[in-house]
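Have a look at the structure below, then the notes.
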Amino acid sequence: MKIGFIGTGVMGAAIAKHLLQAGNELTVFNRTKSKTDELVAAGATWAPTPKKVAEQSEVVFSMVGFPQDVEEVYFGAYGIFAGSQKGTILIDMTTSKPALAQKIAEYGQQREIGVLDAPVSGGDVGAKNATLTVMVGGQEETYRQVEPLFEKISKKVTLFGPAGAGQHAKMANQIMIAGTMTGLTETLLYTKAAGLDPKKVLEALSAGGAQNWSLSNYGPRILDDDYAPGFFSRHFLKDLRIALEEADRMGLDLPATANAKRLYEVMVDVYDLGDQGTQGLINTYTQVEKEQK
Ligand code: NAP
C-alpha cells in the first residue's frame, strides 16, 4: 500500500518504520527534514510538503505536536487536503481536540475522503515495540479498510464511535495518567524523605496494587536522572488543557486533573522545562523546595 507519514518525531518515526518494514511504500515529511533521514535511509521517500505526501499516498498518517500543527498540515495551502484525491484515507494520530477531529472529518466527507482520529497510548517504548493502544474515531467503513495497518503498530485497537471519539478516549487516558504521574512523583519524594531505597520501593510497588505504566516506565528513568523526552511535558500540558476544556464544556468538575495541570504549568511555563519528559515533574518539586530554603 502507498502510505504517507507526516510528523516523524519521537512517536511518528518509530510508527512509520513499522509501516515501512511491513512492506508498504512510504512517503514522509517533517518540518525538520533531518528527522526523516533514518526512514529515507531505510527506503522511504521524502516529499517537500504535506500536499506532495498526500498526492503520492492512498493512506496518510499525521502525528504532529499541537492542534495548531494539525490545522496547518491539513488545511494549509500546501497541506494534506490540497493533495488528497477522492478515496484517500487520512488518519490523525496527534493527541488533539475532538472538535478539530470533527472539523477534519466533515471537510473530508464533503470530498469523499475518509478521515479517522486515532491517537495512541503506550509512549516511546510502545511506538518502538509496536505495542501501542490505538483509540479511533470515525466511520466504521473507513476504519475497516485500515485496521490491518493499525495491527502492525499496536496490541490493542478500538473504534469508539464517530469523529472525535478517539480523541475523547485519549483524554480519558490522559486523566488517568495525570494521577499516575503525580502519584509516582510524590511516591518517590516520600520514599526519599523516609530514607527508603527507592529502587527497592519501585520493585515492591510494581508487584502490588500500586502497579501502573508510569511507575514501571518512568520510575527507573527518574532514578537514573534521565529526563529526556519519551513524552514531552509540554505535550502533556496541552493534553490536560484539552481534557479540562472538554470536561468544562460537559459541565464536569475534575479537581484532581486540574491540580495536575497546575503542577505541569509550573514545570513548563514557570521553570521552562517543557522539553523534558513528563517524568521531569519531580524537578519542579525540588526547584520549589530549593527556592523555599
Ligand atoms: P515530537 O517528537 O515533537 O514529534 C512531532 C513531530 O511533528 C516533530 O518532528 C515536528 O517537527 C513535527 N511537526 C510539528 N508540526 C509540524 C508541521 N506543522 N509540519 C510538519 N511537521 C510538524 O512529539 P511526539 O512525542 O512524537 O508526539 C507527537 C504527538 O503524539 C503529540 O501530540 C503527543 O502529545 C502525542 N503522543 C506522544 C506520546 C509520547 O509518549 N511521546 C504518546 C502518545 C501520544 P519538528 O521536528 O520540526 O519539531
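The values are calculated or read from the model by the stated rules, or taken from the named source; none is laboratory data. Keep in mind that this is a model prediction, so the values were computed, not measured. Here the Cβ positions follow ideal geometry from the backbone for every residue, glycine too, while neighbour counts run over all protein chains shown. Side chains included, ligands, DNA and RNA excluded: accessible areas come from the protein's heavy atoms. Shrake-Rupley method; radii C 1.70, N 1.55, O 1.52, S 1.80 Å.
Neighbours of GLY87, meaning other residues whose beta-carbon lies under 9 angstrom from its beta-carbon, give a summed charge of -1 when Lys and Arg score +1 and Asp and Glu score -1. Its relative contact order, with pairs defined as Cα atoms under 8 Å and 6+ residues apart, puts the chain at 13 percent. Surface composition of the chain: carbon and sulfur make up 51 percent of the accessible area, probe 1.4 Å. With a Förster radius of 51 Å applied to the C-beta separation of LYS86 and SER216, the computed FRET efficiency comes to 0.65.
Just the number, please: percent antiparallel of the DSSP beta bridges in the chain, rounded to the nearest 5. If I count the DSSP bridges inside the chain, around 15 percent turn out antiparallel.
Remark: the Cα gyration tensor places the range 2-161 in the rounded category, a/c being less than 1.5. Could you name the lysines whose alpha carbon sits less than 20 Å from that of LYS97, not counting residues in the same chain fewer than 8 places away? Partners found: LYS170, LYS238, LYS261. What you get for the chain, charging only the Cβ of Lys and Arg (+1) and of Asp and Glu (-1), is a dipole of about 260 debye around the Cα centre. For the range 168-292, what's the relative contact order in percent, using C-alpha pairs closer than 8 Å and at least 6 residues apart? Value for the range 168-292: 33 percent. So what is the calculated 222 nm ellipticity per residue for the chain, using -39500 (n - 2.57) for each DSSP H run with n of 4 or more, over all residues, to the nearest 500 deg cm²/dmol? Calculated at 222 nm, the ellipticity per residue is -16500 deg cm²/dmol.
For the range 87-204, the relative contact order works out to 24 percent when only alpha carbon pairs closer than 8 Å and six or more residues apart are counted. Computed from backbone phi, the HN-Hα couplings of the range 215-220 come to 4, 5, 8, 9, x, x Hz, rounded to whole numbers (Karplus: 6.51 cos²θ - 1.76 cosθ + 1.60, θ = phi - 60°; Gly and Pro given as x).
With protein chains left intact and a 1.4 Å probe, residues in the range 1-134 average 42 Å² of accessible area per residue.
Per residue, the solvent-accessible area of the range 178-289 (1.4 Å probe, heavy atoms of protein chains only, all protein chains present) comes to 50 Å². Taken over the range 168-292, the ratio of Cα radius of gyration to 2.2 N^0.38 Å equals 1.06. Pull up the cross-link candidates among the lysines for LYS2, meaning alpha carbon to alpha carbon under 16 Å and not fewer than 8 places away within one chain. Within reach: LYS17, LYS51, LYS52, LYS86, LYS152.
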